[in-house]
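For reference, the structure is listed below as structure tokens.
The values are calculated or read from the model by the stated rules, or taken from the named source; none is laboratory data. Keep in mind that this is a model prediction, so the values were computed, not measured. For neighbour counting, all protein chains shown are included, and Cβ atoms are generated from backbone atoms with ideal geometry for every residue, glycine included.
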Amino acid sequence: MKCPNCSAENKDAAKICKKCGRDFRLPPAWFPNWRWHVRTLASIYVCLILVFFVVKYALRQLPPPYHIRDIPPETTPWLKYRGK
């Protein structure tokens, strides 16, 4: 039997680890079941989707790059110049 704490090999009937002294008689404090996994994954996906839409909305509120500075029409003839 391998110790879950230090991975040392112990006898199958051992009650404590010979290396770190962990008690094998105590059950683990918590076992996650499938409902916990589903709930955790669902909340992660929901958070990611919300973050996506918030970032998408925030990026749409920024002005397009061609409004940041005035570009002369002779420099970029492929752009439709909108004079002020």
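Points to keep in mind about this one:
- Taken over the stretch 23-32, the criterion of being more than 11 Å from residue 1 (Cβ to Cβ), of a type outside the set (A, V, I, L, M) and in a loop (DSSP other than H, G, I, E, B) is satisfied by 25, 27, 28, 30, 31, 32.
- Of residues in the stretch 33-84 being of a type in the set (A, V, I, L, M, F, W, C), surrounded by 10 or more Cβ atoms within 10 Å (Cβ to Cβ) and in a loop (DSSP other than H, G, I, E, B), the one modelled with the highest pLDDT: 79
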